[in-house]
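These notes are about the structure you will find just below.
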């Protein structure tokens, strides 16, 4: 029986999610025995228009040519899996959707803005083509990738674990940073998959795995206010890596106040 | 003349030494990451000396004092539950054979004899509930059988505690091998099992002075005066109060995060899943803590019976305080107050029960 063929495509992204493959170590060799990798630029394979059984897609749609390319990828693939926050919810770069000053930012940042062809709004892959499975995370990890591949090799639907970080925190017997320190943790509304990585190191979850099932974002936002967070700080909790995920966009939007009348006014770092 | 039952604090290490000599791994309370956690203990100076605590709805803080006591706090996020009901474990493995059949391999890891120091009455009561629920579960049972339980009567209940009203504390009532009362200068000890008695026989004990006896009684009386109480309600009616408006306000306040059930010492729900190796020839069958606040908990073949927070909260409360009585002969709540302290938004289920109980009276 022929081995299933896979491709790993990159769109607007930092390449970090592709490392979930490259960091596999020995398992990457085992994976290579199970599947045939036809296209994966970061690993050296190039066949961008190959017909494949599974296409992994990293990155958001941020330019007009990416809209064209994702349609081609979809047409060439049986099963399409988005990997990571950018592909699944727009990622960090989708922050530009929030203030509506796309052109001003572009002109302020680039020396020759006439060469920049970008979309005014960054969108996730699923807004343009049908996505069969979304793997969340910034970045995704190898466990998620392998579990999805293994399930598909068995011919069953991959498990979509939408549990919240809190459940994993408690399984790991990590002490709650919100209850013991009053730290505004996104764990109660964020899906697990990371193994509660940040709380295990004593810091608050910042929501990089996106919304969990029944994410009670507005309830948590109210709690953040009770922990003395000012509206802008609450908005930043929700509108960071997964700002376009509806459950985060809605809660963050309540507290978001566009301060970028003139994006050139100054450095917004805090 | 009372029997010798007093162990000076300076001799507490003789108890730990004795346990270690008898081959026990000792687990005891320690300050880790701002909370009291039960972790392997080598010596007495790892115990939380002078530590007291403030617990409020949604808040848990430790306070360092100069006091000599080692157990002047109520509890931490967990105590016995993770030691008997593992947060995550592999139950069995299956191996694909050359002829296409599967070979199943049972995986039970043996646990070394473990002595737990500093167990509270509320946790012993919850352990007894878990014993009922996991009766016949070999994974639970072998860990349970490995335990030697050394209780310390609670002298400093938190504001979130209400064990006096559930009848499970503040003193250890049953299920311990040894129980200690911590006084300013040492411990009064009583045995609850032959194993405990034989340990006691090997400790350098003195007779307690009248002052120590008096302090024991006064301390107990004081610990019984808790701010919170289980309100009056009719357990069998809870499940019929599904239309009560309280569920809507709870759903508004609740994150559905499952922290209450995870820290509850009697909650026992778990999920099971397959974790196959990449080559597809071997798979581990795993179980892990789940919660009635997760969508997976009520998922049955294509349908989620409890899709929203309202139905999940109602399920938890009516089971814990209502149908649990029918199932296990008593309420699932032992008054430890963890669900109140460790709720990130500070929901107090006793307030909901008070509301629901009002309907009984009307």
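Within the stretch B:57-88, restricting attention to residues that are assigned to a strand (DSSP E or B) and in contact with a strand residue (DSSP E or B) (Cβ under 6 Å, 6 or more places away or on another chain), the residue that is surrounded by the fewest Cβ atoms within 10 Å (Cβ to Cβ) is B:63.
Going by the conditions given, is residue B:91 within 29 Å of residue B:11 (Cα to Cα), more than 14 Å from chain A (Cβ to nearest Cβ) and at pLDDT 95 or above? Considered against the rule, which asks whether it is within 29 Å of residue B:11 (Cα to Cα), more than 14 Å from chain A (Cβ to nearest Cβ) and at pLDDT 95 or above, residue B:91 comes out as no.
Scanning the stretch B:54-73 for residues that are in contact with a helix residue (DSSP H, G or I) (Cβ under 9 Å, 6 or more places away or on another chain) and either at negative phi or away from chain A (no Cβ under 11 Å) (or both) yields B:55, B:56, B:57, B:59, B:60, B:61, B:62, B:68, B:69, B:70. Give the residue, chosen from B:201, B:131, B:217, that is under 30 Å from residue B:92 (Cα atoms), surrounded by fewer than 18 Cβ atoms within 10 Å (Cβ to Cβ) and without any contact (Cβ under 8 Å) to a residue 24 or more places away in the chain. Going through B:201, B:131, B:217 in turn, just one is under 30 Å from residue B:92 (Cα atoms), surrounded by fewer than 18 Cβ atoms within 10 Å (Cβ to Cβ) and without any contact (Cβ under 8 Å) to a residue 24 or more places away in the chain: B:131.
Taken together, A:237, A:222 contain a single residue that is in a helix (DSSP H, G or I), within 13 Å of chain B (Cβ to nearest Cβ) and farther than 15 Å from residue B:342 by Cα, which is A:222. For the stretch A:159-171, a residue qualifies if it is more than 7 Å from every other protein chain (Cβ to nearest Cβ) and either modelled with pLDDT of 95 or more or assigned to a helix (DSSP H, G or I) (or both), and the qualifying residues are A:165, A:168, A:169.
Evaluated against (1) more than 7 Å from chain B (Cβ to nearest Cβ); (2) surrounded by fewer than 23 Cβ atoms within 10 Å (Cβ to Cβ); (3) under 16 Å from the mean Cα position of the chain (by Cα), residue A:186 falls short on exactly one condition, (2).
Here the stretch B:199-247 is the region considered, the condition is being closer than 13 Å to residue B:313 by Cα and outside any loop (DSSP other than H, G, I, E, B), and the residue that is nearest to the other protein chains (Cβ to nearest Cβ) is B:247.
Checked against the criterion of being more than 14 Å from chain A (Cβ to nearest Cβ) and within 20 Å of the chain's Cα centre (by Cα), the candidates B:27, B:119, B:31 yield just one match: B:119. The set of residues from the stretch B:5-49 being out of contact with any helix residue (DSSP H, G or I) (no Cβ under 9 Å at 6 or more places or on another chain), assigned to a loop (DSSP other than H, G, I, E, B) and surrounded by fewer than 15 Cβ atoms within 10 Å (Cβ to Cβ) comprises just one member, B:23. Evaluated against (1) touching a helix residue (DSSP H, G or I) at 6+ places or on another chain (Cβ under 6 Å); (2) at pLDDT 95 or above; (3) surrounded by 17 or more Cβ atoms within 10 Å (Cβ to Cβ), residue B:152 falls short on exactly one condition, (1).
Looking across the stretch B:273-306, the residues that are surrounded by fewer than 17 Cβ atoms within 10 Å (Cβ to Cβ), in contact with a helix residue (DSSP H, G or I) (Cβ under 7 Å, 6 or more places away or on another chain) and either without any contact (Cβ under 8 Å) to a residue 60 or more places away in the chain or assigned to a helix (DSSP H, G or I) (or both) come down to B:279, B:304, B:305.
Here residue A:15 passes the criteria (1) touching a helix residue (DSSP H, G or I) at 6+ places or on another chain (Cβ under 9 Å); (2) more than 14 Å from chain B (Cβ to nearest Cβ); (3) crowded, with 17+ Cβ neighbours inside 10 Å except the one numbered (3). Being in a loop (DSSP other than H, G, I, E, B), on the phi < 0 side of the Ramachandran plot and touching a residue at least 60 places away in the same chain (Cβ under 8 Å) holds for only one residue in A:129, A:140, and it is A:140.
None of B:335, B:346, B:322 is touching a helix residue (DSSP H, G or I) at 6+ places or on another chain (Cβ under 8 Å), on the phi > 0 side of the Ramachandran plot, away from chain A (no Cβ under 11 Å) and in contact (Cβ under 8 Å) with a residue 40 or more places away in the chain except B:335. Any residue at all in the stretch A:195-212 that's under 24 Å from residue A:251 (Cβ atoms), within 10 Å of another protein chain (Cβ to nearest Cβ) and assigned to a loop (DSSP other than H, G, I, E, B)? Scanning the stretch A:195-212, I find at least one residue that is under 24 Å from residue A:251 (Cβ atoms), within 10 Å of another protein chain (Cβ to nearest Cβ) and assigned to a loop (DSSP other than H, G, I, E, B), so the answer is yes.
When residue B:250 is tested against (1) more than 7 Å from every other protein chain (Cβ to nearest Cβ); (2) in a loop (DSSP other than H, G, I, E, B), just one condition goes unmet, and that condition is (2). With the structure loaded, tell me whether residue B:179 is within 21 Å of the chain's Cα centre (by Cα), modelled with pLDDT of 95 or more and not assigned by TED's automatic domain parsing to the domain that holds residue B:336 or whether it fails that test. Criteria met by residue B:179.
The conditions of being in a helix (DSSP H, G or I) and touching a strand residue (DSSP E or B) at 6+ places or on another chain (Cβ under 8 Å) are not met by residue B:117. Does residue A:96 satisfy the criteria of being at pLDDT below 95 and farther than 20 Å from residue A:240 by Cβ? No; evaluated as a whole, the condition is false for this residue.
The values are calculated or read from the model by the stated rules, or taken from the named source; none is laboratory data. Note that the structure is a prediction, hence the values are computed from the model and not measured. Don't worry about glycine lacking a Cβ; one is built from the backbone with ideal geometry, like all the others, and counts go over all protein chains shown.
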